[in-house]
Amino acid sequence: MVEPDRPIQGIVAHLRSTIYGRAYALIFSSAVTSVLGLLYWALAARLYDAQDVGVNAALISTMMFLSYLSQMSLSGALPRFIPTAGRATRRLILGSYGAAVLMSAVVASIFVLGVGLWAPDVRSLVGTPATAAWFLAATMAWTLFTLQDAVLTGLRRTVWVPIENTIFAATKVLLVVLLAGSLTGAGVYVSWTVPATLAILPINLMIFRWFLPSHVTRHGDTEPEGSVGQIGRYLASDFAGSLLGSASTALLPLIVLTTSGASASAYFYIAWTVAYSIMMFSLNMAISLSVEGAGGPAEVGLATRRMLRLLVGLELPLVIVIVIFAPWILEIFGRAYSDEGATVLRLLALGLLPNGVNAVCLGVARARRQLLLLFWIQAAEAVSFVALAVIFLPAMGIAGVGAAFLVGQAAVALVAFVTQIAPLLRDARQASTAESEPVPQATGAGASAVPGRPPE
């Protein structure tokens, strides 16, 4: 009578598995924000001129890259060290905030002062004292906006992260519509930066008024693990590789803008946004793997096999849909985006599965603390993507960026799979086979020659 319930029990057990459950939770959170993000860019594409969308998107990507540069990997270090910082938690958070905001002001100022040299196409948005001041403020605000998510995670208040990001995404959707008639030239950029700036005060009020005191009360007797030297070594080991990875994605719209013009930048950015929303699935799987797989080779191999199965099961159908229906998907953003961006979207989609393999390999590297491998994978992805894009872009247009992504990701994935993932899968398969083999039973008096049968 229990047979009909077995599929349901299997699904429940699957979801209760920590590695799958955490992955699904992160995927659901990114799916919600991705849907709102696609709605945002669909409205922007419909309500604003393509050239304005291209320039604004390039400036937003540049701001995000400069902010990431200023964070010096603190967004990854804070969740690692806050849980064990004890009474030093407040000092750790404030020190991180201060260092990152100061660095943001420096790098944003350098960008503004030299904008005519390295990004003349966005000079209209940062060329006056008022707009330059807002770019500085927005870059510093985005830095805090990003770091406060890391603080919430470290304080074990992760539930507030998707709430905050959903409110941010919904607010910018509303603003991009309201500003379409009055601030067409900079409406997209303003609608993105204003909600992030406004979110800083209430979130940090909750952090320092309620969440931090509660954390210190519970863990105040903990001996601080993260000295300045320890945190510095941690940041140094992770910063270079992650910076290259961030630069390769954040600066591509600016490269397209400079090489092919504002409209081409808009068409590429929309296609990239669609592909990146799917790419977030594999990035979240890698996070789950890095947490779950911190064991022996067999345990890491088993977790890796599970994530690869989940990767193929989730992403392969989406890749097929995008490749077939790319023009109709981009039709949501406008006919010009469909005509110009369908090929690059198809190529980006074909690169998602090898990108997922690379993400899984990065998760394994973090789980096993292979910092050198972590750097080389991210460096190979970034350098191949940017270098090939610069080569292909003049000859193929924005489709060349999609080709660069596909070729670069596939090459790195092939090497990563053969040298890193395949040995882990082999170890997991051998361990699984050893566990499933029957235990040999002694034969003779008082024992059965049949395995598993009790002595007669």
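Here, each number is a calculation from the coordinates, and none is a lab measurement. As the structure is a computational prediction, the values presented were derived from the model and not from experiment. Virtual Cβ from ideal backbone geometry, glycine too; neighbours counted across all protein chains shown.
Each part gets one Cα centre, and for the stretch 352-419 versus the stretch 241-256 those centres are 12 Å apart. Based on the Stokes-Einstein relation at 25 °C and a viscosity of 0.890 mPa s, and on the Kirkwood radius from alpha carbon pairs, the stretch 49-242 is assigned a translational diffusion coefficient of 138 µm²/s. For the stretch 329-334, putting each phi into the Karplus relation 6.51 cos²θ - 1.76 cosθ + 1.60 with θ = phi - 60° gives couplings of 4, 6, 4, 4, 8, x Hz, in residue order, rounded to whole numbers and with x for Gly and Pro. For the peptides 119-128, 309-318, the ranking by packing is 119-128, 309-318, with the highest mean count of neighbouring Cβ atoms within 10 Å listed first. Each listed q (0.14 Å⁻¹) maps to a log10 I(q)/I(0) for the stretch 68-160 from the Debye sum over equal C-alpha point scatterers, namely -0.56. Between Arg429 and Ala133, the simple label model (points 7 Å from Cα in the Cβ direction) yields a spacing of 6.5 nm.
In order along the stretch 122-133, phi translates into HN-Hα couplings of 9, 4, 5, 9, 9, x, 9, x, 5, 5, 5, 4 Hz, rounded to whole numbers, per the Karplus curve 6.51 cos²θ - 1.76 cosθ + 1.60 with θ = phi - 60° and x for Gly and Pro. What's the FRET efficiency of Ile320 with Thr158 using the Cβ-Cβ distance as r and R₀ = 35 Å, to the nearest 0.05? Step by step, r from the Cβ atoms, then E = 0.60.
Backbone phi angles across the stretch 45-58, fed through the Karplus curve with coefficients 6.51, -1.76 and 1.60 (θ = phi - 60°), yield HN-Hα couplings of 5, 7, 9, 10, 5, 4, 5, 5, 4, x, 5, 5, 5, 5 Hz in residue order; Gly and Pro are listed as x.
Using a simple spin-label model with pseudo-atoms 7 Å out from Cα toward Cβ, Arg335 and Trp118 lie 4.0 nm apart. For the peptides 321-327, 42-48, the ranking by mean Cβ contacts within 10 Å, running from highest to lowest, is 42-48, 321-327.
As a proxy for reagent exposure, ranking Asp149, Asp49 by other Cβ atoms within 10 Å from fewest up yields Asp49, Asp149.
Take 155-167, 192-204, 52-64 and order them by the average number of nearby Cβ atoms within 10 Å per residue, most first; the result is 52-64, 192-204, 155-167.
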